[in-house]
Amino acid sequence: MKRRDFLKQSALASSLFFIPGFLKAFENSNPNNFGYKRLVMIQLAGGNDGLNTIVPFTNDDYYRSRPKIALQKNDLIEVSDSLGFHSSLLPLKKLYDQGNLTVINNVGYPNPDRSHFRATDIWQTASNSNQYWQTGWVGRYLDTYGSNAYNAIEIDDSLSLLMKGENINGIATQNPTNLFKLSEDPYFKNVLNHYNDEHLSEHNLGYLYKTMIDAKSSSKYIFEKNKIASNNADYPSNQFANQLKTTAKLINSGLETRVFFSSLGGFDTHANQLNSQKRLLDIYATSIEAFVNDLKKQGTFNDTLIVTFSEFGRRVKENAGNGTDHGAASNIFIIGNQLKKQGFYNELASLSDLDSNGDLKYTVDFRTIYASILQNWLAVNDEQILQQKFNSLDFI
């Protein structure tokens, strides 16, 4: 393999060049406090329309704002006297009935940004909207409580800001076998054979070598654990389901990974929203159903928490293209077997009392959800990781 192709194609490379330094790597690690519960973060990328996901079918303002794309009551899965799930979310309705789902409405943050990239950065770093942080909140969790890159895995070919720490990054891979094969590539091994202490003392080059060594070590460990595990559920045939299938296999292998991250894109529904959102929510829900069934059958669901978010919701009013434009607050799904408050955590925001941009007013800061997960699920110091103090919620 040519060097250029290797660097371009290698998932290792995406992990390698995303780290600012190595000299203090592992200095603050404390594996004894790392715990045993797992967190699976899922992003509905593009900005899912939460208002057509959890639908207020008795609200006249909803139908006045969306004369063409509002969903009618008889097309919904009714879950309360005033709210219904999108028809594609029947698998989530089953989890709702089983007490395995909490829906948190109106989740956002002050002064929201409607740029996909900037809003995603804010959600992944847990910064204020006027702060530009270079580490993700999962990365800072790794810095403080992790010991190896494989303690957090993104099921993708490139590593998100979410997984980037100051000293430790997570690992990005869609296929543990391919990741291992890449790490065994002669070019990669040849590079590692030429490092020495002198190189390690040079900041940038040393950082690169240290990261390559760590990535190679992680790939072998992930491969060895993954090859002895199996799936025990039938998954739909699509890329997102494959991500969750890989995640389930890694969880059921006993891998020492505490955080997994996957994403499903395409939710930027400016035009012809009804069909595209219906298709995407069906992919999401049927894949989640298979994933949960897999974990339940193999006894790992009890110690796994699944959190689904989107970088923003959509505007309340539909646009001229039978779609919706970038908005602000939206809903979050929490799936697990140890939820303190099942069903709806809070009421849907008012549709007659909107913010100055005509968007839903947020009532739950997304970082209070992170704080709750860090404190109550992963049992770590949330303030240290979030770098601010947030009140925790009582859903877990």
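Has region 87-103 got any residue that is in contact with a strand residue (DSSP E or B) (Cβ under 8 Å, 6 or more places away or on another chain), of a type in the set (A, V, I, L, M), within 22 Å of ASP365 (Cα to Cα) and open to solvent by less than 10 Å² (accessible area, probe 1.4 Å)?
Yes, there is a match, as at least one residue in region 87-103 is in contact with a strand residue (DSSP E or B) (Cβ under 8 Å, 6 or more places away or on another chain), of a type in the set (A, V, I, L, M), within 22 Å of ASP365 (Cα to Cα) and open to solvent by less than 10 Å² (accessible area, probe 1.4 Å).
Looking only at region 130-141, count every residue that is in contact with a helix residue (DSSP H, G or I) (Cβ under 6 Å, 6 or more places away or on another chain) and either without any contact (Cβ under 8 Å) to a residue 40 or more places away in the chain or assigned to a loop (DSSP other than H, G, I, E, B) (or both) and tell me the total.
Matching residues across region 130-141 total 3.
Which condition number in (1) modelled with pLDDT of 50 or more; (2) of a type in the set (Gly, Ala, Ser); (3) outside any strand (DSSP E or B) is the one that GLY21 fails?
(1)
Looking only at strands (runs of 3 or more DSSP E) that lie completely in region 38-124, which have at least 3 residues being closer than 28 Å to LEU162 by Cα?
38-44, 101-108
What is the one condition in (1) open to solvent by 10 Å² or more (accessible area, probe 1.4 Å); (2) under 21 Å from the mean Cα position of the chain (by Cα); (3) within 29 Å of GLN338 (Cα to Cα) that LEU83 does not satisfy?
For LEU83, the exception is condition (2).
So, of the residues in region 328-387 that are part of a loop (DSSP other than H, G, I, E, B) and hydroxyl-bearing (Ser, Thr, Tyr), which turns out to be surrounded by the fewest Cβ atoms within 10 Å (Cβ to Cβ)?
SER356
Return the total of residues in region 215-239 being hydrophobic (A, V, I, L, M, F, W, C) and either touching a Lys or Arg at 6+ places or on another chain (Cβ under 8 Å) or surrounded by fewer than 23 Cβ atoms within 10 Å (Cβ to Cβ) (or both).
4
Test of understanding: among GLY254, GLY266, which residue is at pLDDT below 95 and at positive phi?
Criteria check complete, one pass: GLY254.
The values are calculated or read from the model by the stated rules, or taken from the named source; none is laboratory data. From a predicted model like this one, the values you see are computed outputs, not experimental measurements. Virtual Cβ from ideal backbone geometry, glycine too; neighbours counted across all protein chains shown. Surface accessibility is based on the protein's heavy atoms, side chains included, excluding ligands, DNA and RNA. Shrake-Rupley method; radii C 1.70, N 1.55, O 1.52, S 1.80 Å.
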